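The values are calculated or read from the model by the stated rules, or taken from the named source; none is laboratory data. These numbers were taken from a predicted model, which means no experiment stands behind them. As a convention, Cβ positions derive from the backbone with ideal geometry for all residues, glycine included, and neighbour counts pool all protein chains shown.
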Amino acid sequence: MRATRPVRFVVSAIGLGWALLRAGRPAHRSLAERLGDLPLADAPVSRPVRVRWSDRQIPVIDAADDDDLAAALGIVHLHLRWTQTEVMRHLVQGRMAELVGPAALELDAAVRRFDLAAAVPEMVQALPADTGRWLERFVAGLNHAVARIDPLPFEFRVLGLGRTPWTVADVLALGRLAGADFAWTMWPALLAARRRLADWPALWRVVASAGTAAIPGSGQPGSPWPPPLGRSGSNAVAVAGARSASAAALLANDTHLPIGLPNPWILVGFRTPTQAAVGQMVPGLPVLAVGRSERLAWGAANLQSANSALLRTEVTAVERVRLRCRWWPGHRMVLRRGVAGPVVSDTPAFAGRPGEALALAWTGHRASDELSGWLALPRLADVDAAAAGLAQGNVPPLAVCLAGADGRIAAIAATEVPRRPLPPADLVEDDASPWRTAEWMAGDDADARLDPVDGLLVFANNRLHRTPRRALAYMVSADDRAVRLRHLLAGTVDLAGLDTAQRDVFAASEHALALAVWAAVARAGLDTARHRKVLELLAGWDGCFDAGSRGALAHVAVAGGLLRAFGRRRAAAYRAIRRVPNLLNDWLAEADPTALRQALEPALRSAALTLARQDDWGTLHRLAANHPFARVPLLGRRFAVPDHPAAGSLDTVNQTSHAYGRHRHATFYGAVSRFSCDLADPDSAHAVLLGGQDGWLGSSTFADQTALWTAGDHIALPLTPEAVAAAHPHETVILPAG
């Protein structure tokens, strides 16, 4: 398959280009026209359901009971994000080549081998009655919209999609897709280094131990996984009433995901006689993953725990399947299984050494019930009950922050992992027994925090527990964001302070690296007039990745030059585990003057060229949230939106990933949503998405929040009926049959 890769990509580009040409341009649709698209009649509800909409097409659903609310949510999700949910369904099923042609065949083969939805049939059978009922009613709403929405979305014409009903199993499979492990994005670069570098054992000791560093670094993983299967991050903060200016608890959550349009979230509010809440949902999943009720608020950050492993295995079963493909003959592939799980090393990016069969062990292959705990949150009165309900979660592994109206805060590690020593001796492990035994460690066994003494909980994908025997993770993100947030939120905190902190762009590890480079240059005898301009910028840089900073530009250019001196494979391994500043800093401290001169001289020359060609960090580093069609050659330009100077880096609170290079680039991953609230005021919640609420190409609310995002502004998400009516002036009514 790899031999024909360039041809397959050309075929997909031509096919999609022709489909776009035939489809024409998406028509502009106003808010009134979009609300007119709603399938309101003969819906699967028992009584009329009123839905109020804001000018940005954010709904608040008022239903007579929870059954009707679930059905209305299904209708709303499909109305706003039908194409997005349908593409996600094809992705988790390994059927993307049916939509975009042979360019996706390798992706489909990888997804089939990883077997993301393996546990779903068992999960469907084991659903608690209330959760099963909720999902059935949600699916009824989805299928009502599937049958009734007219016209079909523009993308359906391009991708060859049609009206396909949904099942409860489909929804649960989307949950497994959302829970795909961040480690999978690291493995390709690490496996390549393991196959090809003679000093791999030494390199593994470095990269595995880097996860225990106090302030590690950043980089870009080399991974074939596209959105939404990229690594998942976030910042989650809870402030106790004793530390809050309002004397009530505060909560803030900004989520970090692949950047593009439509946004990975929708904003939703709802009210029934038993519950009322506002917040964020993943399209196709009927739970508020981030949000608040009158008595409780919640948010989360990915634990980046060790929920996956690569195990050397013997092959025990073989299955042959055929992948259907658009504009290309179908592809026959072999699915192999081992004692430890599905064999994933048949996918080239995950290949082991010659003769090795590598199986995936993943906690997501075990049946679990994440939804019940999240569904209960809007009805709960305190953080204790919420923490207990979320403890049964598994994937995605989350550090969940909770804030109560009584001023209390709490956090829980919601996942489970097998008890085993971390880090392992090698990326590929031999011992499969921890994954087969009953001795599993629930996240709350390792780290549950109630009412911290300092009144502040901050999680930013950093390490939660420091005891190796009970460790949940070993390759975690930098402490930079967590340490910075604690610094910014020292003393009494108010909601405005939380909002400002979410946009901060200081990176301690990058700043330390810049100072280390400056010192190493002096040791190497390179502090000459030739390099004065670069060195002055490094010495004067404050560590902030403001868009207008020339110091940040100089730093990234020098760091990129140093990385190139390490060789492609080693540099890729450093980038994969996001430890570039930490590892470069260690090397600079240990290298002799000769090695320093050999690495620093070309790095400084390269940085000088970059400074001559680029004005500042934002000239090089761009924010461009685009629809996937924008990547199609030639015709894709009509779907591209203007880019903007981007602030931040991977280890800043306002996260925007980047490569360490000289060339202008668009950030591919980072903050995509912001949410915060003060439990003293039921109408205080506010949020903003990078992009917009509507997934309909041509809609007036497709990307209307981008200006708010870049300005640091937000949208009110009130809870009280009076405030909802004022902020959501447009009303639609979903009517029952008959």
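Determine which single condition residue 49 fails, assuming it passes every other condition in (1) crowded, with 21+ Cβ neighbours inside 10 Å; (2) under 19 Å from residue 639 (Cβ atoms).
(2)
For region 491-501, which residues satisfy the criterion of being part of a loop (DSSP other than H, G, I, E, B) and either modelled with pLDDT of 95 or more or more than 24 Å from residue 479 (Cα to Cα) (or both)? Steps first, answer last, please.
Within region 491-501, the first condition is being part of a loop (DSSP other than H, G, I, E, B), and the residues that meet it are 491-492, 494.
492, 494, listed by residue number.
Here is a list: 293, 372, 305. Which entry is of a type in the set (Ser, Thr, Tyr), touching a Ser or Thr at 6+ places or on another chain (Cβ under 7 Å) and at pLDDT 95 or above?
Values: 293 fails: touching a Ser or Thr at 6+ places or on another chain (Cβ under 7 Å); 305 fails: at pLDDT 95 or above.
None of the others qualify; the one that does is 372.
Taking residue 579 and the conditions (1) at pLDDT below 95; (2) more than 21 Å from residue 515 (Cβ to Cβ); (3) buried (at least 20 other Cβ atoms within 10 Å of the Cβ), which numbered condition does it fall short on, given that it satisfies the others?
Here residue 579 clears every test but (2).
Can you work out which of the residues in region 647-694 that are of a type in the set (Phe, Trp, Tyr) and modelled with pLDDT under 95 is nearest to residue 581 (Cα to Cα)? Let's see the steps before the verdict.
Here is the first cut: in region 647-694, the residues of a type in the set (Phe, Trp, Tyr) are 660, 668-669, 675.
Next, only the ones that are modelled with pLDDT under 95 stay: 660, 668-669.
On the way: 660: 11, 668: 19, 669: 18 Å.
The qualifying residue nearest to residue 581 (Cα to Cα) is 660.
Before we move on, is residue 551 more than 26 Å from residue 673 (Cα to Cα) and buried (at least 18 other Cβ atoms within 10 Å of the Cβ)? If you could, list the steps in order and put the result at the bottom.
Details: more than 26 Å from residue 673 (Cα to Cα): yes; buried (at least 18 other Cβ atoms within 10 Å of the Cβ): yes.
Answer is yes for this residue.
Of all residues in region 680-738, which are within 31 Å of the chain's Cα centre (by Cα) and in a strand (DSSP E or B)?
Passing the criteria: 686, 687, 688, 689, 699, 715, 716.
Please specify each residue of region 600-630 satisfying the condition of being in a helix (DSSP H, G or I), over 21 Å from the mean Cα position of the chain (by Cα) and not aliphatic (A, V, I, L, M).
Scanning region 600-630 gives 601, 602, 605, 606, 610, 613, 617, 618, 619.
What is the number of the single condition among (1) out of contact with any strand residue (DSSP E or B) (no Cβ under 6 Å at 6 or more places or on another chain); (2) part of a loop (DSSP other than H, G, I, E, B); (3) closer than 27 Å to residue 101 by Cβ that residue 345 does not meet?
Condition not satisfied by residue 345: (1).
Would you point out which residue out of 697, 690, 717, 708 is buried (at least 19 other Cβ atoms within 10 Å of the Cβ) and more than 24 Å from residue 75 (Cβ to Cβ)?
Values: 697 fails: more than 24 Å from residue 75 (Cβ to Cβ); 717 fails: more than 24 Å from residue 75 (Cβ to Cβ); 708 fails: buried (at least 19 other Cβ atoms within 10 Å of the Cβ).
Result of the check over 697, 690, 717, 708: 690.
Can you tell me which residue within region 168-189, out of those that are modelled with pLDDT of 95 or more, over 14 Å from the mean Cα position of the chain (by Cα) and among the small types (Gly, Ala, Ser), is surrounded by the most Cβ atoms within 10 Å (Cβ to Cβ)?
173
Quick check on my filter: what residues within region 114-123 are surrounded by fewer than 23 Cβ atoms within 10 Å (Cβ to Cβ) and either within 15 Å of residue 177 (Cβ to Cβ) or at pLDDT below 95 (or both)? Break it down into steps so the answer makes sense when it comes.
Within region 114-123, the first condition is being surrounded by fewer than 23 Cβ atoms within 10 Å (Cβ to Cβ), and the residues that meet it are 115, 117-123.
Answer for region 114-123, where residues must be surrounded by fewer than 23 Cβ atoms within 10 Å (Cβ to Cβ) and either within 15 Å of residue 177 (Cβ to Cβ) or at pLDDT below 95 (or both): 115, 117, 118, 119, 120, 123.
Would you please list the contacts, defined by Cβ atoms under 9 Å and residues six or more apart or on different chains, that run from a residue in region 384-400 that is without any contact (Cβ under 8 Å) to a residue 60 or more places away in the chain to a residue that is of a type in the set (D, E, K, R) and in a helix (DSSP H, G or I)?
Final answer for the pair search is 388/444; 390/444; 391/444.
Of everything in region 607-643, what is over 30 Å from residue 21 (Cα atoms) and either without any contact (Cβ under 8 Å) to a residue 24 or more places away in the chain or out of contact with any Lys or Arg (no Cβ under 6 Å at 6 or more places or on another chain) (or both)? Give them in sequence order.
Of the residues in region 607-643, the ones over 30 Å from residue 21 (Cα atoms) are 607-621.
Within region 607-643, 607, 608, 609, 611, 612, 613, 614, 615, 617, 618, 619, 621 qualify.
Condition first: touching a strand residue (DSSP E or B) at 6+ places or on another chain (Cβ under 6 Å), part of a loop (DSSP other than H, G, I, E, B), in contact (Cβ under 8 Å) with a residue 12 or more places away in the chain and surrounded by fewer than 24 Cβ atoms within 10 Å (Cβ to Cβ). Can you find one or more residues in region 502-521 that meet it? Walk me through how you get there before you give the answer.
Looking only at region 502-521, we keep the residues that are touching a strand residue (DSSP E or B) at 6+ places or on another chain (Cβ under 6 Å), and these are 502, 505-506.
Checking which are part of a loop (DSSP other than H, G, I, E, B) leaves us with 502, 505.
Next, from what is left, pick out any that are in contact (Cβ under 8 Å) with a residue 12 or more places away in the chain: 502, 505.
From the residues that got through so far, the ones that are surrounded by fewer than 24 Cβ atoms within 10 Å (Cβ to Cβ) too are 502, 505.
Yes, that holds for at least one residue.
Hey, among 482, 559, 552, which residue is part of a helix (DSSP H, G or I) and modelled with pLDDT of 95 or more? Outline the logic, then answer.
Details: 482 fails: modelled with pLDDT of 95 or more; 559 fails: modelled with pLDDT of 95 or more.
Result: 552 is the single residue among 482, 559, 552 that is part of a helix (DSSP H, G or I) and modelled with pLDDT of 95 or more.
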